[in-house]
Amino acid sequence: MDNLISLMHGFGVAATGFHLTLMVVGVLLGILVGVLPGLGAPNGVSLLLPLTFSMDPVSAIILLTSMYWGALFGGSTTSILFNIPGEPSSVATTFDGYPMAKQGRATEALSLAFLSAGFGALAGVVLITILSTWVAKFALRFSSPEYFAVYFLAFASFVGLGGTSPFKTIVSMMLGFAFATVGMDTISGSLRLTFGFNELLSGISFLVAVIGLFGIGELILTMEEGLRFDGIHAKVSPRDVLATIQRMPRYWMTLLRSSLIGCWMGITPGGPTAASFMSYGLAKRFARNKEGFGKGRPEGVIAPETADHAAGTSAILPMLALGVPGSATAAVMMGGLMIWGLNPGPMLFIEKPDFVWGLVASMYLGNVVAVVLVLATVPFFAAILRIPFAIIGPVIVVVCFIGAYTVSSSMFDLWLALGFGVVGYVFKKLDYPVAPLVLAMVLGDKAEDAFRQSMIMSRGSLAIFWSNPLVACMTALAVALLLWPLIGMAQDRLRASRAVAPVG
Amino acid sequence: MKRITALALAFAASVASAPIAQAAWQPSKPVEFVVTSGPGGGTDTFARVVQSIIAKHKLVEQPIVVTNKGGGSGAEGFVYGKGAAGDPHKVIFGTNNEYLLPLVAKLAFKPDDLTPVAAMAMDEFLIWVNGNAEFKDAKTYLAAAKSKPEGFKMGGSQSKDTDETLTKLIEGATGTKFIYIPFKGGGEAAVQLAGAHIDSNVNNPNENIGQWKAGLVKPLCVFSPQRLPAGPKVAGDMSWGDIPTCKEQGVGIDQFQMPRTVWLAPKAPDDAVSFYADVLAKVKDTPEWKEYIERTSQTNRFLSGAELKTFIASDEEKNRKVFEKEGWVVK
């Protein structure tokens, strides 16, 4: 109840004309940087940071977070339209979003993505409002073994999804782990797999890999298939947006499950990327009819988007309460917090209630503003696909390379992106899945750090993953998810033998 | 015709002003602040505070852009700085990692590649334990640790970096043996201690203040020759000045500090070095800088010129001893 009163007070702080203008400006700027892959939210926010030095902290954080929401939405746009995820967390959106766009259902896919993202974000804020005090305490119970269990859970819910041969999945995932180890190792403080290249000191940027694997790889494939997007034939009308809004309630189960996964991953804190992958994996697993996933199923867009935004939003809370940023963008904002003279930590809620609750209230308003604004851009973005491929194709190539270059202003990254483009093409041709590689690349080094820290803590005993109820539950769940496909196979075989039995 | 006159005038003006420009070097294009840590890290805050003060007091005519190059524990930024040899528009911000990192990892830059400009603040180190721990002072904590070798977990930021170095120094001085667990950064080590997953850390004041205010962690002693300046109360009836020095507590380490340093690319002209040293000296006299130093509980100490070179040489020597003893030095 106290929280609700504080929230009302927060609305008083956030809902001024000036702040609403900041939100609109922030969201529009955010969509812009989100749509250009590589520029992305972290770079956009750090470019804007110097402008906020003269503002008061509440206005400053409202501008920056609004830009963040805008960038998250913008990142989904390019995932769906061009198969280029702007942020690691929107990779899973490409799996079904891009096929939908290719079939001429771009309007539907974009609207679904934005609506479910908005729903997820609101679920995240509601959680923050109700559970703010409890969440901070809960997050303190997480140490390296718990982190590892969370990542393990994300991997487990994604492998064994079927589709291709399990061996190909493993090959792809192991390659991802290898890419993730490049650069400085936290645990030993030594360089690994840099082969004397200075450019590899900071590791292989995830964005460069994704721009190559998805963006460029897909372009090569499209060229081979005959230079056309089916989107050309699609009609684009604002009415499609309304029709999609009407259809949304039909997917309540997916929305609910994905919000729960997102909130859980946001506060634990596994992060939005793990959340979106896990949500996609579970949506497919729980679907009555698994056919069609990866070929343009609405649930395949709704699940990752909802979870991504629910996690992204609820992760703001641990950041404020613990001072540990959950994402690159959050780290930039936290740096801002310190420059404005605020110390993130448990006392922030007591010392600066105006700031904290003003921010929470602005998250409600900012996300509503963002959803309205991005929905208005849907017809415009969807219309891009009607431009002939001969024109849009080269433009995408240019955007891809600009994006890869912007990540760290390095020419080396362009070659890397091209290399990954070829890898992406070869993977598609040989029917190797790309997703496990991407998942391993994003979470690989975090999982490795957490595992090795746990091993140092326990002096090498695996029992640490069963040492308390929290970590034991998560490990058990992960193992169960991992073995699920085997159980399923055994059941099928049993059923098959029974079906055969009467005949014999 | 008009344009030609204007051009001629501009040319004449630039020729006329050239001798003055040479006497006092001024940046002629936007200046890049290269931060050798990720966004939100201590070095990042340091550079951005300097940037905001310069902008506010208009100490540099040209605009300043901050870029983060924190890959490989900061090596990325130093290598980038080395690549910009002769360009005095790249200012590199770091800590003592500029001259310590190349000792423990095989990197494409050497400590004396970059030109030192100034050290602006010294970050302090303390021994912290969980807020509910039974230990009242460093003496009892270290005695408990001594009686149980490898029974206590010390968390810190990164591996073979300042936190682990200090842990090794403590072990050498007190005959203890900790399990050192490297985390990605000081923030993580702070939260792990607040959650009682580790027994202690040696965080900088700024990394733990939030948790201390909430009573989740508590300081036992500080590695400085004198106590920190007494300020307002931070937690309960304690202020920074009430924390005993580790020397008082019988730990044979006089001092362990981390300088916040500023560098230029190799072959930077002397004029440029003194230009930036002057600007930074002005920065340190602003109220905003004092506020930053107080808020982060660092020690205000400004070094430049010969003084700075002596400091770097002695700091490197001190750390090298530990590295050699632990076998961390790469050939």
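Using 0.36 nm per residue, how much length does the chain from B:Asn300 to B:Asp237 gain when fully extended, once their Cα-Cα distance is taken away? Intermediate results must be reported in sequence, preceding the final value.
Values: separation 63, 0.36 × 63 = 22.68 nm, distance 2.46 nm.
Length difference between fully extended and current span is 20.2 nm.
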Calculate, in nm to one decimal, what A:Arg239 and A:Ile130 gain on full extension: separation in residues at 0.36 nm each, minus their alpha carbon distance. 35.6 nm
Within chain A, what is the number of lysine pairs with alpha carbons under 26 Å apart, leaving out pairs fewer than eight places apart on the same chain? 24
Enumerate the calculated ³J(HN,Hα) couplings along region B:219-229 in order (Karplus 6.51 cos²θ - 1.76 cosθ + 1.60, θ = phi - 60°), each rounded to whole Hz, writing x wherever the residue is Gly or Pro. x, 9, 7, 10, 8, 10, x, 10, 4, 5, x
Using alpha carbon centroids, what distance separates region A:7-68 and region A:452-500, in Å? 43
What is the order of A:Arg105, A:Arg247, fewest Cβ neighbours within 10 Å to most? A:Arg247, A:Arg105
Cα-Cα pairs above 28 Å in region A:2-497: how many percent? 51
Projected convex hull area of region A:224-363, Cα atoms, direction-averaged, in nm², equals 12.3
Gain in span if fully extended, A:Arg141 to A:Phe286, counting 0.36 nm per residue against the direct Cα distance: 49.2 nm
Whole-Å distance linking the alpha carbon centroid of region A:270-296 with that of region B:188-237 is 43
Site A:Leu470, offset 7 angstrom along Cα→Cβ, radius 12 Å on amide nitrogen, limited to region A:118-146, gives A:135-146
What does the helix-only formula give at 222 nm for chain A: each DSSP H stretch with n ≥ 4 adding -39500 (n - 2.57), the total divided by the residues, and the result rounded to the nearest 500 deg cm²/dmol? -24500 deg cm²/dmol
Overall dimensions of chain B as given by Cα atoms, namely Rg and Dmax in Å: 22.3, 90
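Calculated FRET efficiency, B:Ala55 and B:Lys184, Cβ-Cβ r, R0 41 Å, to nearest 0.05?
Numbers: r = 30 Å, r/R0 = 0.74.
Efficiency at R0 = 41 Å is approximately 0.85.
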Would you work out which of A:Gly183, A:Gly271, A:Asn343 lies farthest towards the positive end of the dipole of chain A? Charges go on Cβ: Lys and Arg +1, Asp and Glu -1. A:Gly271
At 20 °C and 1.002 mPa s, what whole-number value in µm²/s does Stokes-Einstein give for the translational diffusion of region B:87-169, with Rh from the Kirkwood sum over Cα pairs? 133
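If you build the convex hull over the alpha carbons only and average its shadow over all orientations, what do you get for region B:126-255? Give it in nm² to one decimal. Please report the intermediate quantities before stating the final value.
Numbers: hull surface 27.3 nm².
With the hull built on Cα positions only, its mean projection is 6.8 nm².
Given a Förster distance of 45 angstrom, what is the FRET efficiency for B:Asp278 paired with A:Val368, based on the Cβ-Cβ distance and rounded to 0.05? Present the calculation step by step, with values, prior to reporting the outcome.
Working: r = 50 Å, r/R0 = 1.12.
Approximately 0.35, to the nearest 0.05.
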Which net charge results when you count Lys and Arg as +1 and Asp and Glu as -1 among the other residues whose beta-carbon is under 12 Å from that of B:Ala194? +2
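What net charge is computed for the residues neighbouring B:Asp123, neighbours being all others with C-beta under 14 Å from the C-beta of B:Asp123, Lys and Arg scored +1, Asp and Glu -1?
On the way: positive: B:Arg260, B:Arg295, B:Arg301; negative: B:Asp44, B:Glu124, B:Asp161, B:Asp163, B:Glu207, B:Glu294, B:Asp315.
Net local charge, B:Asp123 excluded: -4.
Hey, got the average number of other protein chain Cβ atoms within 10 angstrom for residues in B:98-111?
Details: counts 0, 0, 0, 2, 0, 0, 2, 7, 4, 5, 5, 1, 0, 0.
Per-residue shielding by partner chains comes out at 2.
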Starting from the Cα of B:Gln26, step 7 Å along the direction of its Cβ; do the same at A:Met223; then give the gap between the two resulting points in nm. 5.0
Check which residues have an amide H placed less than 5 Å from B:Cys221's amide H, if you skip close sequence neighbours. B:Ile127
For region A:295-353, go through all pairs of different Cα atoms, get the mean of 1/r, take its inverse, and jot down that Kirkwood value in Å. 12.9
What does the charge count around A:Ala321 come to, taking other residues whose C-beta lies under 14 Å from its C-beta (Lys +1, Arg +1, Asp -1, Glu -1)? +3
Using θ = phi - 60° and Karplus 6.51 cos²θ - 1.76 cosθ + 1.60, couplings along region B:181-186 (whole Hz; Gly, Pro as x): 10, x, 10, 5, x, x
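Among B:Arg227, A:Arg250, which comes first, second and so on when ranked by fewest other beta-carbon atoms within 10 Å? Spell out each step's value before the answer.
Numbers: B:Arg227 15, A:Arg250 10.
Neighbour counts put them in this order, fewest first: A:Arg250, B:Arg227.
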Looking at the protein assembly as shown, which Cys residues are left with no other cysteine's beta carbon under 4.7 Å from theirs? A:Cys263, A:Cys400, A:Cys473
A:Arg459-A:Arg498 pseudo-label distance in nm [points 7 Å out on the Cα-to-Cβ vector]: 5.1
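Which whole-number percent is the relative contact order of chain A (Cα, under 8 Å, 6+ apart)? Working shown, then result.
On the way: 870 pairs, mean separation 146.2, N = 504.
Across chain A, relative contact order equals 29 percent.
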Can you find, among A:Leu486, A:Leu365, A:Gly104, the residue farthest towards the positive end of the dipole of chain A? Put +1 on the C-beta of Lys and Arg, -1 on that of Asp and Glu. A:Leu486
Separation between the A:Ile350 and A:Arg192 pseudo-spin-labels, each 7 Å from Cα along Cα→Cβ, expressed in nm? 4.2
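Please order A:Ser454, A:Ser362, A:Ser467 by the number of other Cβ within 10 Å, starting at the fewest. Before the final figure, lay out each step's value.
On the way: A:Ser454 24, A:Ser362 30, A:Ser467 16.
If I rank by nearby Cβ atoms, fewest first, I get A:Ser467, A:Ser454, A:Ser362.
Could you work out the percent of alpha carbon pairs in region A:320-360 separated by over 16 Å, rounded to a whole number? Please list the in-between numbers first.
Details: 245 of 820 pairs.
That tail contains 30 percent of the Cα-Cα pairs.
Seen from all sides and averaged, what is the projected area of the convex hull of the Cα atoms in region A:321-399, in nm²? Mind showing how you got there, number by number?
Details: hull surface 30.9 nm².
Directional mean of the projected Cα hull area for region A:321-399 stands at 7.7 nm².
Let me make sure I get this right: for region B:18-153, a, b and c are the square roots of the gyration tensor eigenvalues over alpha carbons, sorted descending. Under 1.5 in a/c it's rounded, otherwise prolate if a/b > b/c, else oblate. Which is it?
Working: a/c = 3.15, a/b = 2.10, b/c = 1.50.
Here region B:18-153 falls in the prolate category.
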Let's test the formula: R0 of 35 Å, r as the Cβ-Cβ distance of A:His9 and A:Leu256. What FRET efficiency results, to the nearest 0.05? 0.70
Å³ per residue enclosed by the Cα convex hull of region A:179-231: 97
Using all Cα-Cα distances in the protein assembly as shown, what percent lands in each 20 angstrom bin from 0 up to the longest? 15, 47, 31, 6, 0, 0
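Taken together, the values in this text are just the output of simple stated rules run on the coordinates, not laboratory data. Note that this is a predicted model, so its numbers are computed, not measured. Note: ideal-geometry Cβ built from the backbone for every residue, glycine included; neighbour counts use all protein chains shown.
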